[in-house]
Amino acid sequence: MRQQLLDQIRHFPGRAGLYWQDLTTGEEAGVRQEEPFEAASVIKLPILVETFRQIEAGLAQENEPFPIREEDKLPSCGALNYLHTGLTVTLMDLATLMIILSDNTATNLLIRRLGMDNINSTIREMGMTTTRLRRLLFDSEASARGVKNTISPAEIGRLLAALYRGEVVSPAASARMLGILGDQRLNGKLPFWLDGKVKCAHKTGEDSNITHDVGILYAPQPFVLCVCGDPVHPPSLNALMADVARQLVQQQSVAL
């Protein structure tokens, strides 16, 4: 990680943070990496972990059915909001849609099924102190009171590194979660310039004046890269995070 790249994040207008970890050596670097950022959809990554934890513990079933009611539907991102009321999907369908399309309907259904306290207990057990799920998505009453879900770039980055090492829930569960992250359909940030030459398993997040992307880039020497902005001009930070990812990959002699 070159100082020049860190300086671009450090001096970016607004407040941007970055966490990087070389997954071969364990070397870390960052800017504001331990600070809290409003989570937006990156909070869906710990929810995914709790989904797999409960499945492996026998507390939930992958094929458990969820009929989608009209009152369950939330605005974009996602797909379920646009599909017919009464459609039945499974628990694993919800988890997959929550990640690859950032489906908000799926997310709230999972939070209610898994339990917010259980999700936060697992977050704490993984050693996270800044990352916290405090409210459902689109809970306007809680939002008006200033209740926010939070993450830090470093905590989410270290979670991704633990997934890479097969240490989250179990090696098999870690591999499946990485597979879901690798099927991400929202690819306009970290992987924008990678042109399919370097796989990226990642999760985006965005809201008003907020933009994040956190993931693993499978370059010849794989690394974690988490870039978070709150508050920022999202299109500008999106362009910068894509350029940082490109430069880090090109440093490993990958032609893009």
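The values are calculated or read from the model by the stated rules, or taken from the named source; none is laboratory data. What you see is a predicted model, and the numbers here were worked out from it, not measured in a lab. So basically every Cβ, Gly included, is an ideal-geometry build from the backbone, and we count neighbours across all protein chains shown. Heavy atoms of the whole protein, side chains included, go into the accessibility calculation; ligands, DNA and RNA do not. Shrake-Rupley method; radii C 1.70, N 1.55, O 1.52, S 1.80 Å.
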Simple spin-label estimate for Lys199 and Arg124 in nanometres, 7 Å along Cα-Cβ: 3.6
Calculated [θ] (222 nm, deg cm²/dmol) that DSSP helices of n ≥ 4 give over the chain, each run adding -39,500 (n - 2.57): -11500 deg cm²/dmol
Highest-MSF residue in the chain out of Asn63, Asn187, Asn149 [GNM, Cα springs under 10 Å]: Asn63
Max mean-square fluctuation residue, GNM over the chain, Cα-Cα springs under 10 Å, options Gly58, Gly205, Gly127: Gly58
The stretch 143-234: C-alpha gyration tensor shape, a/c 1.5 cut-off, then a/b vs b/c: oblate
Label assignment, percent of Cα pairs over 25 Å apart derived from the structure, set (1) 51; (2) 40; (3) 56: (2)
Separation of alpha-carbon centers, the stretch 132-154 and the stretch 72-131, rounded to whole Å: 14
Size of electric dipole in the stretch 149-255: Cβ of Lys, Arg +1 and of Asp, Glu -1, about Cα centre, debye, nearest 20: 340
For the stretch 171-239: accessible area per residue (Å², 1.4 Å): 38
GNM result for the chain, Cα springs below 10 Å: residue of Leu87, Leu133, Leu109 fluctuating most strongly: Leu87
Solvent-accessible surface ranking, highest first, for Thr204, Thr129 at 1.4 angstrom: Thr129, Thr204
Percent carbon-and-sulfur accessible area, the stretch 72-173, ignoring ligands, DNA and RNA, probe 1.4 Å: 51
Whole-percent carbon and sulfur share, accessible surface of the stretch 176-256, 1.4 Å: 50
Per residue value of the accessible surface for the stretch 67-118 (all protein chains in place, 1.4 Å probe), Å²: 43
Per-residue HN-Hα couplings for the stretch 211-219 [Karplus 6.51, -1.76, 1.60; θ = phi - 60°; Hz; x = Gly/Pro]: 8, 9, 8, 10, x, 10, 10, 8, 5
Signed unit charges on C-beta, dipole axis of the chain, positive-most listed residue Pro235, Leu6, Leu74: Leu6
The chain, relative contact order [Cα under 8 Å, separation at least 6], %: 25
